[in-house]
Each structure stands twice: as C-alpha cells, then as structure tokens.
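Participant: Submitted below is the structure of interest, expressed as structure tokens.
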Amino acid sequence: AAPPLPPDAAFPYPLRVPGEEGLYGVAEVSGALALTAKAVQHELLPGRPARLLAYELEHQGKVLRNPVLRVRTGARLRAKFWNALGEPSIIHWHGLKVDSNNDGHPHYAVAAGATYDYQFLVANRAATYWYHAHPHGATGRQIYLGLAGLLIVEDEEELALRKALDLGFGATDIPLVLQDLRLDSGGQPIFAPDATERFHGHFGGEVVVNLTPRPHLDVETRLYRFRVLNASNARLYRLAFRRGTRLLDYHVIGTDGGLLDRPRAVEEAFVSPGERLDLLLDLRAARPGDEVVVASLPFDAMHLETGGGAGHGAQHAASAPVLPDGAELALLKLRVARRIAYDRPLPQTLSRLEPVAESTASPRLVALDQAGRMTWRINAATYEQAATPIAVRRGSVEHWDLRNIAPSMPHPVHLHGFPFRVLAREASPAQQRRLAVDQNGLAASDLGWKDTVLVWPGETVRIAVDFTHPFPGDQVYLVHCHNLEHEDGGMMLNVRVAG
C-alpha cells in the first residue's frame, strides 16, 4: 500500500462519496420507499453542526440522508413522501418521463405533516437524474438548505460501460454535486436574498462538493468517471481539470439524459444550474504525487440585465463574503496516491441515439425577457397556477426557439416531463462559440438527450421536443428557468399536453 499523503491546508477535507449509509447512502430501489423531508444537523465544517434540510430514508436497517437511488429502466418506483418540515413541499423527479400527478408540480405541494404517494414506471434510459424540492416560492431556499438527491437509472448500455471500464460506484464512478453556499462564521448557511439577489440570483461564498468544503480525493492511475450535477441556485461553472497551469483533456460521455453516441474530447464545458455532465478523466499517465485540480475557469458571466457586466453577487451580505459570478474557482483536488496496472481502452462507441424527430410546424417562440427591471418572464407572462399559456397536442413534435432577449443574463431553461434534443445555437457569445463541435454551434454538453439547456443573453437555442406519452387525459407540466430565484419569482409557465 502507498504511504498516506500529507495534509493539504488548501483542500483539508476528504470528499464525501456514496456509501452504505449516512449522507449519499446508496439505496437499490426495490419495494416501496418512504422519504421524509426534515430538518437535520450536519457538519459542513468540522465541529460546527449546521442546520440543514435533508431527505431521510430508512433502508435495510440503515439511515440514509439524501440517498442515491439506483433503479433499472423498466422498474416501478413507489415512494411515500412525508413532509416533516414546517412548510409546504413536494418532490420533483428532475428529468423523468412521468405523468403530471407524479412529476412534483408545485400544484401538488403538501402541507407540513402531510404525505404524498408516488408510483410510476421508470421509462427513461440510463443517466444521472436527480430529485429535489419544488414548492412554488420556496424551491430556492429548500434546495439551497439541502433538499436534493441523485437518482441513477441503469440499463444494459450503462452496465456494459461499467464492466468495460471496471468502474465501481462511489470508488471510481463518483458523483460531484456542486453547490455554492453562503456560510457565517459559525458554519451556518445563510439564505436571505434581498430584492437585488432575487433578480440576479443567490450566489454563495464557498463552493461545496457533495456538501464537502475544500475537498480532496485520493486517486490511482486509471480512468475515473465523474457524474457532475450543478445543484447551485444560480451559479454557472466552466468546468476544467488543471495540473499546474496546464489544462487536461477529458471526455464528455453523457449529458442530462444519458450516454452520447461516442466520447467527445474537451478541455472545458459550461454546466448551468440543473444540468448534468457525465465525464471520463484519464489519469494513466500521471505519477504518484501529482495533483489535479477540478476547477471552474473564469468567464464573462454576462450580467447585462441592468447594463452592468460580470461580477453580480459580490456586493451583498457583508457578514458572509460572496464569490463573484464567473470567478475562477478551485472545486476539488485529485491527489494521485499510487500507480496501478490498468489497460482498459476508452470505448469509441457508447450508445445508440435515436434520430431527432422532425417537425412539420414552424418553431414555437419561447421568449425570455423582463418586465421593468426586476421581474423575469417567459413569453411576457409570469407563473399563474391555473393558467396554461403553452398548449401542445399529445404525440406532436415541436421545435422551440428559446430566445434570451436583451437586456438579460444567462438563463438555464428546464422542461418537465419530456427530454429534448438541442438542434442549434444562434448569436452565441464568443465563449460559447469556441466550444462548438458541429456546424450548428452545439457544444459537447449540448449533445444527446437533455432536460435543461443554458441560453446566453441575446442567444437563441432551438430544441426538438416529442410530446408522445402513454398517460390518459390532459397532462400539465412546466417550463421554467432553473436559476431558482428566477423560478420562485415567476419565470415559469404551465405546459398543457392535450390528451
């Protein structure tokens, strides 16, 4: 065995990874689950218990918090949600193809002390999905304080990849949940956005990975898979792996809705709130003692909503410093602990992707704009629970033009219930254009199946959505910005799929 690595003052804490119990404990889904949303104590900083929220599950005699739920495609998921909070809440199964009764629409939020029963067939292909709170007006606070977990769907293609690369979940196949938090001197998370922050988004002063501040992970000389989820309220990340001053190539192998057809080599990728990236990092050429920093490179955050530039979020909450949006960030240090023999080749084929569905209708415009200077809208409207301003026919295929109208800021747009494909980006800023891997302006992070896509100021992103589903009657879903302060402020519309 290799000798233990010395302490690192800059990255002092071991990364929390999924295990058999506790935070991110893994639950193989079989039978009925009982998920309780409740207040908990959790040490973000050693010796300083913080008041957080979590989903708790008793599973096979162990207590799991924000459990990683693993389930096979085609299985039936049954879960009872018990709201042990002092306010309404509901669980949204982000990215899953379910009927509107099971989607976690805020219309179905249950009061404190009440329960809600979920039962649905997992029809999605293998991917890293997630579940999180979704009560209207309180989504941002509840997710920020901890109400979010991972849902890993597996199928034959996924199992074949794991076998080919000798990947073990929690050891060499590792989720990285990114959140920026604002902590006071006692290690307590602060969430009290003022009107300006509700307009720009809530930004923190400390990025935690798997609720671990300044983490490190000891690794070997082999391929590692990282499943990245941006669970931040508003912050974008420009994700890179850096050894010294040099950026390392890595491969994007999947996005929100699962594996790509083949790996795509990149040096960087944007990941916005709600999005996931499935990555492979090749450390076979590394030597023991080498260090690789998982970083967010600096970028122009394009806060043009009030005629300003990058950096909004830095001026608020003097009691807890805030990292400017677009700032350079060191997220996680990978420390090469030992050399091993590993000869598994990177697969050149990962999955078979269905072709993009054709539409015979003109694209539907979905305009992202603002009223005055403090209210974000979609198609000049804000959320009303009883209104269904977007209506589509079951079985139809539509192309939507998501157009971010200046003056604006980046908006990650999420559609409930239906995965989509990104067709093209137009009028993209230079920092996005330089990542294009095809003639339509798409980056590697745009490929495959998606449920959330980033739209920059002045940009138009065209997506294709197939509204085919097996559920009887009308179904009502949502389209909204996944900047959670924007969503809570009403940048969200009902989408009625007429049966």
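Participant: Out of ALA75, ALA109, ALA126, ALA84, report the one residue that is open to solvent by 40 Å² or more (accessible area, probe 1.4 Å) and either more than 21 Å from the chain's Cα centre (by Cα) or more than 19 Å from GLN385 (Cβ to Cβ) (or both).
Facilitator: Of ALA75, ALA109, ALA126, ALA84, the one residue that is open to solvent by 40 Å² or more (accessible area, probe 1.4 Å) and either more than 21 Å from the chain's Cα centre (by Cα) or more than 19 Å from GLN385 (Cβ to Cβ) (or both) is ALA84.
Participant: Separate question: Please enumerate the residues belonging to segment 467-490 that are part of a loop (DSSP other than H, G, I, E, B), buried (at least 17 other Cβ atoms within 10 Å of the Cβ) and either in contact with a Ser or Thr (Cβ under 7 Å, 6 or more places away or on another chain) or of a type in the set (Ser, Thr, Tyr) (or both).
Facilitator: Scanning segment 467-490 gives PHE467, HIS482, GLY489, GLY490.
Participant: Taking the options GLY254, GLY205, name whichever one is crowded, with 22+ Cβ neighbours inside 10 Å, touching a residue at least 40 places away in the same chain (Cβ under 8 Å) and farther than 19 Å from MET491 by Cβ. First the steps, then the outcome.
Facilitator: Numbers: GLY205 fails: crowded, with 22+ Cβ neighbours inside 10 Å.
Just one listed residue meets the conditions, GLY254.
Participant: Take segment 167-196 and flag every residue that is part of a loop (DSSP other than H, G, I, E, B), open to solvent by less than 20 Å² (accessible area, probe 1.4 Å) and under 15 Å from SER232 (Cβ atoms).
Facilitator: Once the filter is applied, which keeps residues that are part of a loop (DSSP other than H, G, I, E, B), open to solvent by less than 20 Å² (accessible area, probe 1.4 Å) and under 15 Å from SER232 (Cβ atoms), segment 167-196 yields only ARG182.
Participant: Shifting gears a bit: Among the numbered criteria (1) within 22 Å of GLY326 (Cβ to Cβ); (2) in a loop (DSSP other than H, G, I, E, B); (3) open to solvent by 30 Å² or more (accessible area, probe 1.4 Å), which one does ALA341 miss?
Facilitator: (1)
Participant: Quick check: is even one residue across segment 38-52 of a type outside the set (Val, Ile, Thr), closer than 25 Å to VAL476 by Cβ, in contact with a strand residue (DSSP E or B) (Cβ under 6 Å, 6 or more places away or on another chain) and open to solvent by less than 40 Å² (accessible area, probe 1.4 Å)? Walk me through it before giving the result.
Facilitator: Here is the first cut: in segment 38-52, the residues of a type outside the set (Val, Ile, Thr) are 38-39, 41-52.
If we keep only those that are closer than 25 Å to VAL476 by Cβ too, we end up with none.
Within segment 38-52 (the criterion being of a type outside the set (Val, Ile, Thr), closer than 25 Å to VAL476 by Cβ, in contact with a strand residue (DSSP E or B) (Cβ under 6 Å, 6 or more places away or on another chain) and open to solvent by less than 40 Å² (accessible area, probe 1.4 Å)), the answer is no, since none of the residues qualifies.
Participant: Okay, next question. Can you pull out the strands (runs of 3 or more DSSP E) entirely within segment 1-105 that have at least 1 residues that are in contact with a Phe, Trp or Tyr (Cβ under 7 Å, 6 or more places away or on another chain) and farther than 30 Å from TRP449 by Cβ?
Facilitator: 32-45
Participant: On the given criteria, is ALA367 at pLDDT below 95 and closer than 26 Å to SER445 by Cβ?
Facilitator: no
Participant: Moving on to the next point. Would you mind listing the strands (runs of 3 or more DSSP E) fully within segment 366-440 where at least 2 residues are open to solvent by 30 Å² or more (accessible area, probe 1.4 Å)?
Facilitator: Those strands (runs of 3 or more DSSP E) span 375-378, 390-393, 397-404, 420-426.
Participant: Looking at LEU5, LEU35, which one is in contact with a Gly (Cβ under 9 Å, 6 or more places away or on another chain) and farther than 24 Å from LEU147 by Cβ?
Facilitator: LEU5
Participant: Same structure again: Would you be able to say whether some residue in segment 446-466 is open to solvent by 10 Å² or more (accessible area, probe 1.4 Å), out of contact with any strand residue (DSSP E or B) (no Cβ under 6 Å at 6 or more places or on another chain) and among the polar types (S, T, N, Q)?
Facilitator: No: segment 446-466 contains no residue that is open to solvent by 10 Å² or more (accessible area, probe 1.4 Å), out of contact with any strand residue (DSSP E or B) (no Cβ under 6 Å at 6 or more places or on another chain) and among the polar types (S, T, N, Q).
Participant: Looking only at segment 344-365, filter to residues that are under 26 Å from THR468 (Cβ atoms) and among the aliphatic types (A, V, I, L, M); which one of those is surrounded by the most Cβ atoms within 10 Å (Cβ to Cβ)?
Facilitator: The selected residue is LEU350.
Participant: Scanning segment 294-312 for residues that are modelled with pLDDT of 95 or more and buried (at least 19 other Cβ atoms within 10 Å of the Cβ), which turns out nearest to ARG373 (Cα to Cα)?
Facilitator: MET302
The values are calculated or read from the model by the stated rules, or taken from the named source; none is laboratory data. All figures in this text were calculated on a predicted structure; none of them were measured in a lab. No Cβ is skipped: glycine too gets one built from the backbone with ideal geometry, and neighbour counts run over all protein chains shown. Heavy atoms of the whole protein, side chains included, go into the accessibility calculation; ligands, DNA and RNA do not. Shrake-Rupley method; radii C 1.70, N 1.55, O 1.52, S 1.80 Å.
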